[in-house]
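Notes follow once the structure below has been shown.
Computed from the coordinates by the stated procedures, all read-outs in this text should not be read as laboratory data. In this text, all values refer to a predicted model and were calculated from it rather than measured experimentally. For neighbour counting, all protein chains shown are included, and Cβ atoms are generated from backbone atoms with ideal geometry for every residue, glycine included.
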Amino acid sequence: MRVRLFLLFGLASPLWGLEVAVREAINPGLGRPPAEVVRSTPAASFRGLLSACAAEDFRRAAHFLDLSEIPKEQQAILGPEVAEKLCRVLSRLSARAQAVSSESPEGPLEGGVPANTVVALRFSRSGISGEVWLRRTRDASTGEVAWLLTRRTVSSAPFWYRVLVEGKKPTAQAQLNPGLPPASDLSQTSPRETLEGFLEAAAQGNFQQAAHYLDLSAFSESEQAVQGPLLARRLYLVSVRRHPFQPEKVSNDPAGVPEVGLPEDRERVGTLEVRGRQVDLLLADRYDPGVGHRWVFAQETVAEIPSLYRRHGFGWVGDHLPPIFFAVSFAGLALWQWLSLLLLLFLGFWVSRRLGHLLALFSRRLAARTGVSWDDALAEALDGPAGLWLWSLLLWAGGSWLGLMTTDVAKALVKLLAILATTWFFLRLLDRLSSQWSSQAQEKHSLVFGFIPIFKRIGRILLVTFGLLAGLHVTGVPVTTALAGLGIGGVAVAFAAQKTLENIFAAVAIAADRPFSLGDTVRIGSLVGTVEDLGLRSTRIRTFERTVVTVPNSTVVGSEVVNLSARDRMLYNPTLSLVYDTRPEKLRRILKAIRELLATHPRVVQEGARCRFRGFGESALLVEVYCHLDTQEWEEYLALAEELNFALAEIVEREGSAFAFPTRTVVLAGGGTH
């Protein structure tokens with residue numbers, strides 16, 4: 001056998017243009033490196049590796065490897081195993097420390113710029129060839145810069161060991177899947193390329209090409225042409241619904257990455273549950289000396305596709321959808337997903353609207369059986385929001401079944417619906433509870449009654465604000481930054497809104513003092529009208545001219561407020577002007593008749609009621625009637641006053657007197673009068 005071994009002396013050949021590799025932490029699963037591990041220069045690292053290999057201290061040797069593709073929890077196990085295999089390979093190839101001579105921390109330079117890489121060894125033997133690389137690597141957590149054997153070197157070590165040390169020479173592979181039509185542009189040289197190539201072909205509806213990424217050796221050539229595209233379609237639909245694949249986390253090295261519990265020619269790319277057991281989704285490496293590494297979905301994984309599809313697929317519909325439904329996509333969703341989403345929206349709205357109404361009716365019936373009132377408000381508040389909640393729940397359930405819940409559009413839509421429903425529910429609940437509390441507080445003449453409208457308005461503002469902030473957060477707007485900006489600007493706003501703040505505190509004072517309630521007729525200064533609304537900034541009053549006047553709350557607090565609706569009785573106090581021709585006997589009879597009228601009228605309050613001859617006016621005798629009428633309603637008062645006015649006029653007429661009108665006697669110089 002012809003053997004070619006290239007050991008590079010002096011400065012090893014660098015790969016131009018690579019930057020320093022950055023890792024969050026260098027091999028955190030191995031723990032702190034021993035004191036004898038020196039890896040600050042290319043020569044020190046390679047020399048230290050060979051020294052550890054010679055001492056068969058493979059745990060120490062693992063500290064010279066870049067194990068970043070191996071999970072942290074597996075590094076302590078796989079690190080020494082890979083180091084041992086690499087040591088055996090280097091020993092078989094007679095690697096020498098002098099192969100890397102650069103003692104500079106920056107490594108060799110190319111054109112005055114650090115190359116950051118060194119090739120320590122190139123070989124071609126037993127039908128395979130390879131290169132051992134060192135790369136400058138920085139630990140982001142500690143700042144250490146170390147020269148480590150690259151991830152590709154680490155991933156290739158088990159394969160080299162199997163061929164060069166164990167003597168398992170690779171042989172030419174038979175044509176894979178000969179029953180499938182030839183395909184071009186297949187990317188299968190690494191696990192990541194195979195996974196991405198399969199997903200890309202399937203997403204375009206090209207299941208014939210996607211089938212080339214499966215190992216169909218278990219099927220005859222005639223079956224492969226039928227079963228291959230079907231199995232590729234089913235595996236893709238399972239991945240759409242359950243999303244077990246994350247290509248960016250799969251190794252892009254041709255030999256894959258070692259993993260505990262798996263053969264060296266297998267790569268785990270996902271896991272799914274089927275009937276209580278975990279099924280590994282594996283890729284297999286079919287190495288051919290003439291082609292190199294070629295990764296496909298392993299035969300054992302292909303055998304599990306039917307059971308995976310029964311558990312996680314879409315049944316008959318998924319098997320028979322035309323390819324165009326997969327080939328056409330927009331905003332990250334295929335055509336079939338958009339159609340499914342629209343169907344879910346319309347059906348979900350129709351179903352949830354009716355179910356939500358039925359749920360609200362059922363809640364009302366349950367609440368009517370209890371002796372408390374808060375559950376009645378809760379049941380009433382459910383009518384409407386319950387439908388939106390059900391709608392978002394149906395969208396989430398249907399979207400999860402269709403595999404849409406991993407897309408940002410579907411997630412945001414469901415969350416926004418839930419936020420809208422929650423905000424709407426609490427707004428309705430606040431309205432109904434405030435109405436109940438207002439009635440209860442008014443009956444008990446509680447101080448709380450005046451505060452309820454204020455608390456209701458503040459509560460509505462807070463609920464809407466929280467709903468908007470939650471919606472902005474769902475859509476990706478940085479709410480924390482916005483809140484910080486509001487905090488900084490709050491001081492400026494406070495200075496600019498002094499009058500507004502004054503009115504808000506005045507609203508609290510009005511609520512605490514309760515000089516009036518909604519619907520009361522009041523006099524504020526010269527303004528008379530009915531209170532229609534008490535807001536945080538102002539009070540609205542409808543005048544008798546039916547105009548609405550907005551009065552700032554600070555003005556209300558600083559003015560004299562007369563609550564006309566708070567009277568328990570209304571004053572009736574006319575003054576009768578009788579002609580001077582009325583004799584004293586007639587006047588006494590008139591006073592007596594009026595007093596009898598007041599004493600016998602059912603709506604005249606007897607306490608303080610009186611009728612007196614008050615005095616002599618310029619042109620009339622003045623008779624004052626003073627009493628209170630038993631009413632609080634203005635319209636009723638006008639009717640009673642009218643009734644008493646007619647009675648007084650009849651008494652005056654019956655007694656032979658008359659009402660005087662203003663007259664003036666003028667004496668002329670000649671002695672006549674007019």
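Some notes on this structure:
- Each peptide in 305-318, 461-474 gets a packing score, the mean of other Cβ atoms within 10 Å over its residues, and the list from highest to lowest is 305-318, 461-474.
- Bridge orientation summary for the chain: considering DSSP beta bridges with both residues in this region, about 95 percent are antiparallel.
- As a length-normalised measure over Cα pairs under 8 Å and 6 or more apart, the relative contact order of the chain settles at 7 percent.
- Length added when fully stretched, residue 455-residue 613, from 0.36 nm per residue minus Cα-Cα: 51.4 nm
- Helix runs (DSSP H) in the chain reaching 15 Å along axis by Cα, Kyte-Doolittle at least 0.5: 42-54, 335-368, 385-402, 448-474, 479-496, 498-513
- Antiparallel bridges, percent of DSSP beta bridges restricted to segment 191-327 (to nearest 5): 90
- Farthest toward the positive end of the dipole of the chain, out of 574, 550, 156, is the Cα of 156, where the dipole comes from beta carbon charges about the Cα centre.
- Gyration tensor verdict on segment 48-154 (Cα atoms; rounded if a/c is under 1.5, prolate if a/b is larger than b/c, oblate otherwise): oblate
- Using R0 = 35 Å, the C-beta based FRET efficiency linking residue 543 and residue 364 works out to 0.30.
- With an a/c value of 1.5 or above and a/b not larger than b/c for the gyration tensor axes a ≥ b ≥ c computed over the alpha-carbon atoms, segment 550-674 is described as oblate.
- Dividing the helix sum by the residues of the chain, where each DSSP H run of 4 or more adds -39500 (n - 2.57), gives a mean residue ellipticity at 222 nm of -15500 deg cm²/dmol.
- Relative packing of 209-218, 89-98, which averages over residues the other C-beta atoms within 10 Å, highest first: 209-218, 89-98
- Partnerless Cys - the chain, beta-carbon criterion under 4.7 Å: 611, 627
- Lys, Arg +1 and Asp, Glu -1 on Cβ, resulting dipole of the chain about Cα centre, debye, nearest 20: 460
- Pairs of lysines in the chain whose Cα atoms sit within less than 30 Å of one another amount to 11, provided the residues are eight or more positions apart or on different chains.
- Using a simple spin-label model with pseudo-atoms 7 Å out from Cα toward Cβ, residue 25 and residue 55 lie 2.4 nm apart.
- Here r is the Cβ-Cβ distance between residue 661 and residue 532 and R0 is 56 Å; the resulting FRET efficiency, rounded to 0.05, is 0.85.
- Centroid-to-centroid separation of segment 551-620 and segment 249-320 [C-alpha atoms, Å]: 102
- Each Lys or Arg adds one and each Asp or Glu takes one away; over the other residues whose Cβ falls under 15 Å from the Cβ of residue 630, this sums to -3.
- Distance between the pseudo-spin-label points of residue 97 and residue 288 (7 Å out from Cα toward the beta carbon): 4.4 nm.
- 44 Å tail of the calculated P(r), the chain, as % of Cα pairs: 58
- Protection proxy ranking, highest mean first, for peptides 64-75, 633-644, 533-544: 64-75, 533-544, 633-644, where packing is the per-residue count of other beta-carbon atoms within 10 Å, averaged.
- Shape call, segment 554-607: gyration tensor on alpha carbons, a/c limit 1.5: oblate
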